[in-house]
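This report concerns only the one structure given below.
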Amino acid sequence: MDDATVLAYELTWPEYDRRMRDGRTPLIVPIGALEQHGHHMPMHVDVLLPNEFAQRVARRTGALVAQPFTYGYKSHPKSGGGNHLPGTTSLDGATLVNALKDVIKEFARHGVRNIALMNGHFENSWFIIEGVDIALRELRWDGVRDVKIVVLSYWDFVNDETIEKLYPEGFTGWDLEHGGVLETSLMLVLFPHLVWMDKAIGHPPASFPPYDVYPVRPEWVPASGTLSSPKNATREKGEILLQVCTDGIVRALNEEFADPPN
Ligand code: ZN
Ligand code: MN
């Protein structure tokens, strides 16, 4: 099974059916966004990273990986630079909620009972939960009550000890990490051909007032599009992050999906 694909959509339908019908094989769904990531990285970072974590976790847990969601909810100035930036191409919240709800119900229709939603884009968070809530409600109306869904964002598995090691100059929080050390270091390990460190722009972490204004104020956002400097990103930090997050997610899914669905 080691060299077999973990990508559910690479299977033939009879093989997919065989793996999924009894509900025991977990399915991991990466959820990303199309969003600018500064001058030094491409716009599909939020798809690439959860998709890669999903595949690594799947190889260690016997799960399969579904096709990723490649568009996500709108970028917010305080966590993604903002939706006004060129290239950032987003869904309305209701669109994401409905698409996610539809896909969860489709997976369940074919027998999937253990689903992990692997988020790679901060702003998706509450819309993912809403999609899950509505999907589970509608499945209950159809008498399906044994679907279990784990919702996670990979960066939440970085523990305090790792944060101290990676951010000796002080940690500004995950929201300001957009295009910063976390994502850039992981990209340097996983997709080095898609990182151009010579184009990375250094600047102090963005600081925002404790309120929001709409229409958004583009001048609140660093002109680079990143919210903290990627300059301190390294391959070594990426290796640490990759290991800590993958191990943590494997542990979580093994625990949550240990029992067969009842
Ligand atoms: Zn990102
Ligand atoms: Mn993002």
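Among the listed pairs 74/165; 74/231; 101/165; 199/237; 78/165, those with a Cα-Cα distance over 28 Å are 74/165; 101/165. Taking 0.36 nm per residue of sequence separation and removing the Cα-Cα distance, the residue 212/residue 24 pair yields an extension gain of 63.2 nm. Couplings 3J(HN,Hα) for segment 192-205, derived from phi with the Karplus relation 6.51 cos²θ - 1.76 cosθ + 1.60 (θ = phi - 60°), are x, 6, 10, 10, 10, 4, 5, 9, 5, 10, x, 6, x, x Hz, where x marks Gly and Pro. Once all protein chains are placed together, residue 91 keeps about 40 Å² accessible to a 1.4 angstrom probe. The dipole here belongs to segment 149-223: it is taken about the Cα centre, uses +1 on the Cβ of Lys and Arg and -1 on the Cβ of Asp and Glu, and is about 240 debye. By how many degrees, between 0 and 90 and to the nearest 10, does the Cα long axis of helix 235-256 differ from the longest principal axis of the chain? Approximately 30 degrees, to the nearest 10.
With contacts taken as Cα pairs under 8 Å and at least 6 residues apart, the chain reaches a relative contact order of 24 percent.
Each 10 Å bin from zero holds the following percent of Cα-Cα pairs in segment 113-172: 19, 36, 25, 13, 6, 0. Going by accessible surface with a 1.4 Å probe and the largest first, 220, 196 read 196, 220. Once Rh for the chain is found with the Kirkwood sum over Cα pairs, what is the Stokes-Einstein diffusion coefficient at 20 °C and 1.002 mPa s, in µm²/s? Rounded, D is 112 µm²/s. Full extension of the chain segment joining residue 156 with residue 4 gains 51.8 nm, where the gain is 0.36 nm per residue of separation less the Cα-Cα distance. For a straight C-alpha distance cut-off of 18 angstrom, the aspartates and glutamates reachable from residue 148 (same-chain residues fewer than eight places away being disregarded) are 22, 102, 106, 130, 133, 138, 255, 256, 259.
Seen through its C-alpha gyration tensor, with square-root eigenvalues sorted a ≥ b ≥ c, segment 44-107 comes out oblate because a/c lies at 1.5 or above while a/b is not bigger than b/c.
Taking segment 110-137 and a reference point 7 angstrom along Cα→Cβ of residue 17, the backbone N atoms nearer than 13 Å belong to 110-111.
Amide H contacts for residue 65 (H built 1.01 Å from N in the peptide plane; partners 5 or more residues away or on another chain; cut-off under 5 Å): 7, 8, 28.
Where does the Debye-calculated log10 I(q)/I(0) of segment 1-54 sit at q = 0.27 Å⁻¹, using only Cα point scatterers of equal weight, no solvent? For segment 1-54 at q = 0.27 Å⁻¹, log10 I(q)/I(0) is -1.08. Rounded to the nearest 500, the helix-only mean residue ellipticity at 222 nm of the chain stands at -12500 deg cm²/dmol, with each DSSP H run of n ≥ 4 adding -39,500 (n - 2.57). Computed packing ranks the peptides 249-257, 207-215, 52-60, 137-145 as 52-60, 249-257, 137-145, 207-215, most packed first, by mean other Cβ atoms within 10 Å.
Comparing 194, 49, 186 in a Gaussian network model of the chain (Cα springs below 10 Å), the most mobile by mean-square fluctuation is 194.
The values are calculated or read from the model by the stated rules, or taken from the named source; none is laboratory data. Everything quoted here is computed from the prediction, not taken from an experiment. Glycine also receives a Cβ, built like all others from the backbone with ideal geometry; neighbour counts cover every protein chain displayed. Accessible surface areas use protein heavy atoms only, side chains included; no ligands, DNA or RNA. Shrake-Rupley method; radii C 1.70, N 1.55, O 1.52, S 1.80 Å.
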